[in-house]
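The values are calculated or read from the model by the stated rules, or taken from the named source; none is laboratory data. Since the structure is predicted, the reported quantities are computational estimates derived from the model, not experimental observations. Note: ideal-geometry Cβ built from the backbone for every residue, glycine included; neighbour counts use all protein chains shown. Side chains included, ligands, DNA and RNA excluded: accessible areas come from the protein's heavy atoms. Shrake-Rupley method; radii C 1.70, N 1.55, O 1.52, S 1.80 Å.
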Amino acid sequence: MEFAAALDRIGGFEAKPFIAVAVSGGPDSAALALLAHAWASRRGGQAWALTVDHGLRPESAEEARTVVGWLAARCIQHQVLVWAGDKPKAGIQEAAREARYRLLAGWCREQGCLHLMAAHHREDQAETYLIRRRAGSGIDGLAGMSTVRELDGCRLVRPLLGVARARLGALLAVEGQPFLRDPSNANPAYERSRLRLEPDLLDASSVDTVVTASREHGRLRVEREHTLHGWLALHAMLHPAGLGVLDASALGASDPELAERALARIAASVGGASYPLRRARVAGLRAGLSTAPERARTLGGCRFVPWRERILVLREFAGAEPPIRLEPGESLLWDGRFRLSSAPNADRAFTLGYLGQLGVAALRRSEPATATDLPRLAYPVLPAFCDSEGLAAVPALGWLRAPELVVPQLRFRPANPLTNAGFTVV
């Protein structure tokens, strides 16, 4: 009943829900798999358990097979997703997390599943708050983990953030459900593991205090996001060609802290940054745009260029991905911003890159097929297709080398939307 009530507060599920659950085989995710399966089944829906085999330990494949067996015994459908290819020498936890969510969201997208559940619980939230407080995070960071977060093609739902770890363990004991232990969770090389070695920080009383503080920061974050989204709706826009436009006068007249958050948000969308920009650097950008508005600036893989009382936010070549080849039938995400797909019956392969990388000189010898309101200074960073005969198409300009040419579908889908569903506290 308590789990169902939490999902009712979150809302947004189908009458017959189709959900996925990230299951490592550890106690927390195992408990969530049992709860989610029972909840979905009672409503005539289905829950799939998804396990990512990172291939970082020799025994990982066997552990995944063990989890498959446990869940099959309970009639829970299960899929193992493998992180294949070379692994980085440094930053392995960060890379593994990125790969894990990419694989999980990819499965959900392919299967039409809109909800991916993760088993982060009350103590996880407390640890996140403490780690970010030590790092000097502001309000947004100290809000901790959101109950709901958007991924590419689905939403990540954390229904257990208010549930203590011990209660999940008690559920497994009652159900007689075995689970795995990940040795990396006790490795003092990782900050979260070191934090767990300080018992006074995570006793019941301390967790209550920390979670209360995190929830208050979450409430403040929601208010701040509402204000920011309203500002962006009035004074900013993203163009499907992958560039942004800001109202320069509104930026200069706004509260500095609000202006800096707006700059950081549009830079994240256009530049595709994986992590938030440093506040000091964003403050420096705002100050520079204010004191010398005629000068272009760079930050977060973007160029901020003055143009007709506005500021153009363009992708910076230095941080962009190199051109990529797309074969018939392929679909992929390029430069963290553009999703493209080629029809299986396409008659040729294409290379996608920015016009400045591929053929701005060739375009100058021709006129765009249709009128455009894009300034020419943006042309070098417009996505363009080439084939074996040279420059083939510039979709943002409506330019095709030949009218019968069929090029891949290209859509601007930034990893960091300008606005999103917003932080959620349940």
Item to check | Scan of region 245-265 for residues that are among the charged types (D, E, K, R) and assigned to a strand (DSSP E or B), ordered by number | outcome: ASP247
Checklist entry - How many residues, within region 167-185, are within 30 Å of GLU216 (Cβ to Cβ), at pLDDT 95 or above and either open to solvent by 30 Å² or more (accessible area, probe 1.4 Å) or not hydrophobic (A, V, I, L, M, F, W, C) (or both)? => result 4
Item to check | Filter result (open to solvent by 10 Å² or more (accessible area, probe 1.4 Å), touching a Pro at 6+ places or on another chain (Cβ under 9 Å) and assigned to a strand (DSSP E or B)) within region 312-322 | outcome: none
Next on the checklist: Restricting to region 258-290, count the residues that are under 13 Å from ALA248 (Cβ atoms) and open to solvent by 30 Å² or more (accessible area, probe 1.4 Å).
Outcome noted: 2
Checklist entry - open to solvent by 40 Å² or more (accessible area, probe 1.4 Å), closer than 30 Å to SER269 by Cα, part of a helix (DSSP H, G or I) and of a type in the set (Gly, Ala, Ser): does that describe GLY218? => result no
Checklist entry - Out of all the residues in region 221-244, which are surrounded by fewer than 19 Cβ atoms within 10 Å (Cβ to Cβ) and either outside any helix (DSSP H, G or I) or among the β-branched types (Val, Ile, Thr) (or both)? => result VAL222, THR227, MET237, HIS239, PRO240
Checklist outcome for this item: Taking region 98-114 and keeping residues touching a helix residue (DSSP H, G or I) at 6+ places or on another chain (Cβ under 8 Å) and either open to solvent by less than 50 Å² (accessible area, probe 1.4 Å) or of a type in the set (S, T, N, Q) (or both) leaves CYS113
Checklist entry - Just checking, how many residues over region 70-88 are assigned to a helix (DSSP H, G or I) and either out of contact with any His (no Cβ under 7 Å at 6 or more places or on another chain) or open to solvent by less than 50 Å² (accessible area, probe 1.4 Å) (or both)? => result 3
Item to check | Residue check, VAL21 open to solvent by 40 Å² or more (accessible area, probe 1.4 Å) and among the β-branched types (Val, Ile, Thr) | outcome: no
Next on the checklist: Could you tell me how many of the residues in region 115-148 are open to solvent by 40 Å² or more (accessible area, probe 1.4 Å), touching a residue at least 60 places away in the same chain (Cβ under 8 Å) and either in contact with a strand residue (DSSP E or B) (Cβ under 7 Å, 6 or more places away or on another chain) or among the basic types (Lys, Arg) (or both)?
Outcome noted: 1
Checklist entry - Which one of the conditions (1) out of contact with any strand residue (DSSP E or B) (no Cβ under 9 Å at 6 or more places or on another chain); (2) open to solvent by 50 Å² or more (accessible area, probe 1.4 Å); (3) of a type in the set (D, E, K, R); (4) modelled with pLDDT of 95 or more does LYS16 fail to meet, given that it meets all the rest? => result (1)
Item to check | Of residues in region 150-178 being touching a residue at least 60 places away in the same chain (Cβ under 8 Å) and under 16 Å from the mean Cα position of the chain (by Cα), the one nearest to PRO27 (Cα to Cα) | outcome: VAL157
Next on the checklist: Between SER206, SER214, SER269, which is hydroxyl-bearing (Ser, Thr, Tyr) and closer than 30 Å to VAL394 by Cα?
Outcome noted: SER269
